[in-house]
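Enquirer: Just passing along the structure, written as structure tokens.
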Amino acid sequence: MRLARLIPLAAIAACSSSSNVAQSAPAPETVRVVGGGAGNIAMGMSPSAVDAHSTTLSASVADVWRVLPAAYEALGIQLSVIDSATHVIGNSGFNIRRRLGSTPLVRLIDCGTTQGGPSAETYDIHMSVVTQVRAGDAGTVIGTTVEPMGKPAAFSGEYIRCSSTGVLESRLADAVRSRLTK
């Protein structure tokens, strides 16, 4: 009889002690996609959503800044942002499908897969590619952020956040490096 009274008390004690354990929730992330009519889309993501891929170069900020437009052009990305005061350059939002220049998107971004293969092959992609140039301890640092979002082209659906494979950021850094040596 006494044991029957202690079992519920033990269960209550176990539940109450576990409620004192702090659980950390994942940091909130905000993604906003707004249709602007006539195929225009505005995309905004929280700054913490994607980390910049950084590369340090042994050149001056001025020299790196001078060759960045040609590096973007070589990759097939038109510039929509050029801020010489903050040394930010890139394209804050463009639509693309299947390829960027001659490179298949599946090499550059990951939007998951379906039964038919990688979604980046069939999705309508909206992407932002922005680079900031700054002086670092060991040279000039270029930090490039690639923020892709995609949605099914054949079906109605919402944009989903995709991720960069890191290849585009590396190719941009390589394009800058090759132009600095010329």
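The values are calculated or read from the model by the stated rules, or taken from the named source; none is laboratory data. The structure displayed is predicted, hence computed values, not measured ones. Positions of Cβ are backbone-derived with ideal geometry, glycine not excepted, and every protein chain shown enters the neighbour counts. Accessible surface is based on the protein model in full, side chains and every heavy atom, while ligands, DNA and RNA are left aside. Shrake-Rupley method; radii C 1.70, N 1.55, O 1.52, S 1.80 Å.
Enquirer: Out of the range 61-112, which residues are in contact with a strand residue (DSSP E or B) (Cβ under 9 Å, 6 or more places away or on another chain), in a loop (DSSP other than H, G, I, E, B) and of a type outside the set (D, E, K, R)?
Expert: Listed by number, the residues that qualify are 76, 77, 78, 79, 80, 86, 87, 108, 111, 112.
Enquirer: Follow-up. Just to be sure, is residue 143 in contact with a helix residue (DSSP H, G or I) (Cβ under 8 Å, 6 or more places away or on another chain) and small (Gly, Ala, Ser)?
Expert: Against the criterion (in contact with a helix residue (DSSP H, G or I) (Cβ under 8 Å, 6 or more places away or on another chain) and small (Gly, Ala, Ser)), residue 143 does not qualify.
Enquirer: Residue 135: more than 18 Å from residue 77 (Cβ to Cβ), modelled with pLDDT under 90 and not basic (Lys, Arg), yes or no?
Expert: No: the conditions fail for residue 135.
Enquirer: Follow-up question, since we're still on this one. So which residues in the range 153-165 are open to solvent by 50 Å² or more (accessible area, probe 1.4 Å) and part of a strand (DSSP E or B)?
Expert: Passing the criteria: 160, 161, 163.
Enquirer: Scan the range 51-58 and give yes if some residue there is under 25 Å from residue 105 (Cα atoms), open to solvent by 50 Å² or more (accessible area, probe 1.4 Å), polar (S, T, N, Q) and at pLDDT 95 or above, otherwise no.
Expert: no
Enquirer: In addition: Would you mention how many residues in the range 138-152 are surrounded by fewer than 22 Cβ atoms within 10 Å (Cβ to Cβ) and either within 19 Å of residue 166 (Cα to Cα) or aliphatic (A, V, I, L, M) (or both)?
Expert: Matching residues across the range 138-152 total 4.
Enquirer: Now for a different question. If you go through the range 118-130, how many residues are open to solvent by 20 Å² or more (accessible area, probe 1.4 Å) and not aromatic (Phe, Trp, Tyr)?
Expert: Matching residues across the range 118-130 total 5.
Enquirer: May I pose another question? Cβ contacts < 9 Å: first residue basic (Lys, Arg), restricted to the range 128-143; second residue surrounded by 19 or more Cβ atoms within 10 Å (Cβ to Cβ) and not in a strand (DSSP E or B), any location; separation 6+ or different chain. Result?
Expert: 134/87
Enquirer: Could you check residue 135 against (1) over 20 Å from residue 83 (Cβ atoms); (2) of a type in the set (Gly, Ala, Ser); (3) open to solvent by 70 Å² or more (accessible area, probe 1.4 Å); (4) part of a strand (DSSP E or B) and say which number it fails?
Expert: (1)
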